[in-house]
Amino acid sequence: MNQQLFEKVDQYIGNLFAQEDNVLQETIQSLDDASIPQISVTPTQGKFLQLMLLSCKAKRVLELGTLAAYSTIWMARSIPADGKIITVEFDPHHAQVASRNIAKAGFSDKIDLRTGKAMDVLNELISKGEEAFDFIFIDADKPPYTEYFELALQLSHPGTIIICDNVIREGKVLDENTTDERVKGVQRFNQMLANNPKVTATIMQTVGAKEYDGMAIAIVN
Ligand code: SAH
Ligand code: DHB
Ligand code: MG
């Protein structure tokens, strides 16, 4: 396709608007060093998340799927000094690398990294009466996206922005006969989102340095 062009243009936009400093570059390097896949958001997507956080004046952020905390660090830089991010990572190896990157970024106080399954942490936050979040980024395993979103709604308030990564999967969502559980998960999620009266939502296709995909964006009514 035009992947090469999309990559070059993404770099052009990144050079203008989303330059990485040492902390972000070292976070990307830490993935290779620890043999963890390079599936973080791109710099331009990190900047996009920052803009979304600023647009809703986010102070309290929830993230499902930390990996090495690349997206987390972008977001932590866009919330006020008294803001807080809870980020959830299931894989202890990823969490260990993330924890180091968070410390290097100077955000050990601002970012609360929870090692555990997203479903368990969501249920625990709900049962403990955790205050609502202003912004929620769903980027963990894809099959239970629908369930994550329903639980996330219980931790939201009118105006909360919820963004869900990877809901287009190179266009594989068009294949009604797919057997890929991750694609089936986001197909089911997209359908639920479209029919959900509790939110106003759409999907933006994402092209650029990484494989063609999309982000769902929902604002809680
Ligand atoms: N948000 C990150 C990328 C996340 S990649 C960034 O852009 O930098 C997806 C992460 O979700 C992986 O680290 C994976 O281990 C984690 N994950 C997978 N299943 C999970 C689950 N059930 N609960 C929490 N995290 C999970
Ligand atoms: C995968 C997960 C992601 O969150 C992503 O943005 C890209 C790929 C994956 O599990 O392959
Ligand atoms: Mg993702």
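Observations on the model:
- Restricting the stretch 171-191 to residues that are hydrophobic (A, V, I, L, M, F, W, C) and under 17 Å from Tyr212 (Cα atoms), the residue that is surrounded by the fewest Cβ atoms within 10 Å (Cβ to Cβ): Leu174
- Close Cβ contacts (under 8 Å, 6 or more residues apart or on different chains) running from residues in the stretch 18-38 that are acidic (Asp, Glu) to residues that are assigned to a loop (DSSP other than H, G, I, E, B) comprise Asp32/Gln38.
- Scanning the stretch 40-83 for residues being among the aliphatic types (A, V, I, L, M), over 17 Å from Asp112 (Cβ atoms) and without any contact (Cβ under 8 Å) to a residue 40 or more places away in the chain gives a total of 2.
- Looking only at residues of the stretch 56-74 that are under 10 Å from the mean Cα position of the chain (by Cα) and closer than 18 Å to Ile219 by Cα, we find that the one that is farthest from ligand 1 (Cβ to nearest atom) is Leu62.
- Residues within the stretch 181-221 that are within 14 Å of ligand 2 (Cβ to nearest atom), more than 30 Å from Gly14 (Cβ to Cβ) and not in a helix (DSSP H, G or I), tallied: 0
- Residue within the stretch 39-51 that is assigned to a helix (DSSP H, G or I), away from ligand 3 (no atom under 16 Å from the Cβ) and either among the hydrophobic types (A, V, I, L, M, F, W, C) or surrounded by 21 or more Cβ atoms within 10 Å (Cβ to Cβ) (or both) present: yes
- Residues that are surrounded by 13 or more Cβ atoms within 10 Å (Cβ to Cβ), within 16 Å of ligand 3 (Cβ to nearest atom) and not acidic (Asp, Glu) were ranked within the stretch 1-38; the one that is farthest from Ala69 (Cα to Cα) is Ile36.
- Glu131 falls short on exactly one of the conditions (1) crowded, with 19+ Cβ neighbours inside 10 Å; (2) away from ligand 2 (no atom under 16 Å from the Cβ), and that condition is (1).
- Top-ranked residue of the stretch 151-180 - restricted to ones that are over 23 Å from Asp91 (Cα atoms) and in a helix (DSSP H, G or I), ranked as nearest to ligand 3 (Cβ to nearest atom): Glu170
- Within the stretch 99-127, being β-branched (Val, Ile, Thr) and touching a Phe, Trp or Tyr at 6+ places or on another chain (Cβ under 7 Å) holds for no residue.
- Test: residue in the stretch 192-199 that is more than 15 Å from Tyr145 (Cβ to Cβ), exposed (fewer than 14 other Cβ atoms within 10 Å of the Cβ) and out of contact with any strand residue (DSSP E or B) (no Cβ under 8 Å at 6 or more places or on another chain): yes
- Figure legend. Inter-residue proximity from the stretch 203-220: first residues over 21 Å from Tyr148 (Cβ atoms) and of a type in the set (Val, Ile, Thr), second residues buried (at least 19 other Cβ atoms within 10 Å of the Cβ) and at pLDDT 95 or above, beta-carbon distance below 8 Å, spacing 6+ or different chains. Indicated pairs: Val207/Asp10.
The values are calculated or read from the model by the stated rules, or taken from the named source; none is laboratory data. Fair warning: this is a prediction, and the values are worked out from it, not measured in the lab. All Cβ positions, glycine included, derive from the backbone under ideal geometry; neighbour counts span all protein chains shown.
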